[in-house]
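Working notes, beginning with the structure itself.
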Amino acid sequence: MTGYTMLRNGGVGNGGQPWMLRWSSRIRLTWLSFTLFIILVFFPLIAHYYLTTIDDADDAGKRIFGPRTGNELCEVKHVQDLCRIRESVSEELLQLEAKRQELNSEIAKLNLKIEACKKSIENAKQDLLQLKNVISQTEHSYKELMAQNQPKLSLPIRLLPEKDDSNFPLPKSNRNCRLHNCFDYSRCPLTSGFPVYVYSSDQYHFASSLDPLVKQAFESTARTNVYVTENANIACIYVILVGEIEEPVMPKPTEIEQQLHTLPYWRSDGHNHLIINLSRKSETQNFLYNISTGRAMIAQSTFYDVQYRPGFDLIVSPLVHAMSEPNFLKIPPQVPVKRKYLFSFQGEKVESLRSSLQEVRSFEEEIEGNAPADYDDRIITTLKAVQDSKLDFVLVEFTCKNQPKASLPTEWALCGEREDRLELLKLSTFALIITPGDTHLVISAGCVMRLFEALEVGAIPVVLGEQVQLPYHDVIRWNEAALIIPKPRITEVHFLLRSISDNDLLAMRRQGRFLWETYFSTSESVFNTVLAIIRTRIQIPAIPIREETAVEIPHRSGKAAGTDPNMADNGDLDLGPVETEPPYSSPKYLRNFTLTAMDIYRNWNSAPGPFHLFPHTPFDPVLPSEAKFLGSGTGFRPIGGGAGGSGKEFQAALGGNVPREQFTVVMLTYEREEVLMNSLERLNGLPYLNKVVVVWNSPKLPSEDLLWPDIGVPI
């Protein structure tokens, strides 16, 4: 009760004052510690904060310590250096930015100048191209004006020989006959067209002894030949058929010679005459050997060196298919290249060489080496050894199972029938042809028959004996279709045949097939080939193709052709002047005379192709069937091929010896009218264009509303 009273009275009483003092002293000490702790913790933080924000003040009024002058903030030396570096870098960056903007403006100005220069260059090119065209047209106009003041080259006047020709000097012997001393060129002018007169069988008596099939085939071919004429007074060549003569009714040589000399146009020596002796069944007929033929040319399959006159006489192929066409369905395909037998040969030699020489030779002549060497024994031994070696399948038979056919002395006779021989050749890659042992025998009908059969079925001929002359050898490269090997190389033949590649074999087989079809296969091809060789020898061009009118499809000109956007820009390529005058005719004959003497081998040895560039006629065997030429008003023009090049080179390739030339375009179409119209419009303004011929290759007529575009030339 006492304590409670003391407390309620404020601690007054006994012992109250000391306790209050003690309690107040404790409170002051706690506040003092807390205040000191606050000062020691927060004052450094506040000072650090304001010190770190001194540099962030934007102006002097916002600074913590009030406004200051100059370098008061850079009291430390290195701080001053850093400030100066910062100010210097800032100024340099500002200067570089100004220079960059200045350079960009200069680059933009230069780009504008470059574009302007390009435009000026393009304009200059266009002006230059126009000037070139103007100069080209001016040059052509100048040439045309100069040509008008020059005499025009015209065809020479045709020389017609007199009915009774004046005699010209005779050679020392008929064996020395060549074209320059035994042929009358006055009867064959360049512009004559090569007229040929064929004697009918009624004009000589021994015609009744001729093989009926040979005579019928010859007369049928002569009637359809374009060169044959019935006017003998203007003829260049006179043709007479003397064989093949049937064996039982063979007239005497003196009778044949007498009837030849009494022909109406023989004129004492038979110049410009061609005597044809075609073999069909017999391989031994050579009755002209003992007949005086004067200056007449001879075409047959058998010749001795004493009667053959190189460059004057002709070696022809036998007439196997007289009145019938070859059965091409029975001809084997050209592939596969390799066949069952590597090579084959069937034949029998009836007589030896020394027992059958045609001329009597003295012992001194044989000692001097004039007697030919006989390699047949070596050939037989070598070929049998190859057959026995079994390295390759070969078939060689030197004796006939049946009676061999008649043959000339030293010649290998044919065995069996023709069908049997062909069946064997169809199985053979190569066909051996052993030439006669008598080197005085230039060629024999038996060898030519073997060559004919090998080419017919695709067996590559291998001729053993380089001394022989194959048919038409002066105009045909036989090394492209056959192998001609000397007899002393018989031991190397097997190696040579095995080393030929398949590509070469196929090429030779194809060339042989082309030669057989073009020059050997029918009576028409044989007769045309003989005439074409003589015409080429005397350098007379082929006559133009006959102009035949075709069924013209009615049409009328439509609207003018516009510029095709798909047409390629020729740039600065000068295609020549654009024709401003109507199409005109040009001479047909100029180029034809020059090529006759220039391109003989190329024409005769070319296999058929669509790009034949030489204007022969389809009546000559020298022209492949695929090559067609147009000769209507523009000279002969190749269809589907040309020399190409710019206008000047193309004009030179077309004629070459005329100041100006044009060409014809031929288009083949088949129910593609829209494509045809686009193609025709592309020809608008084409230089040197004369006309366009459209061949409608369809059984259906074109639509009635078909209109040709107006391209400036006739369509």
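The values are calculated or read from the model by the stated rules, or taken from the named source; none is laboratory data. None of the values given here were measured: they were computed from a predicted structure. A quick note on method: Cβ atoms are made from the backbone with ideal geometry, for glycine too, and the neighbour counts reach across all protein chains shown. Accessible surface is based on the protein model in full, side chains and every heavy atom, while ligands, DNA and RNA are left aside. Shrake-Rupley method; radii C 1.70, N 1.55, O 1.52, S 1.80 Å.
Rounded to the nearest 0.05, what FRET efficiency do Ser141 and Arg682 have when you use their Cβ-Cβ distance and R0 = 41 Å?
0.95
Taking only protein heavy atoms and a 1.4 Å probe, what accessible area per residue, in Å², does region 188-235 have with all protein chains in place? Working shown, then result.
Numbers: 2090 Å² over 48 residues.
Averaged over the residues of region 188-235, the accessible area is 43 Å².
Carbon and sulfur together cover what percent of the accessible area of region 187-318 at a 1.4 Å probe radius?
Reported share for carbon and sulfur atoms: 49 percent.
Among Ile484, Phe527, Ser501, pick out the residue whose Cα is farthest towards the positive end of the charge dipole of region 447-543, where Lys and Arg carry +1 and Asp and Glu carry -1 on C-beta, about the Cα centre.
Ile484
Note down the accessible area of Cys117, probe 1.4 Å, to the nearest 10 Å².
It works out to around 70 Å².
Given Lys215/Lys349; Lys330/Lys700; Lys384/Lys487; Lys384/Lys426, which pairs have Cα atoms separated by over 26 Å?
Over 26 Å apart, Cα to Cα: Lys215/Lys349; Lys330/Lys700.
Restricting attention to region 385-465, which trypsin sites (Lys or Arg not before Pro) occupy a DSSP loop and are surrounded by at most 10 other Cβ atoms within 10 Å? It would help to have the intermediate numbers written out before the result.
On the way: sites: Lys390, Lys401, Lys405, Arg418, Arg421, Lys426, Arg450; in loops: Lys390, Lys401, Lys405.
Here the trypsin sites (Lys or Arg not before Pro) that fit, given the DSSP loop and packing criteria, are Lys390.
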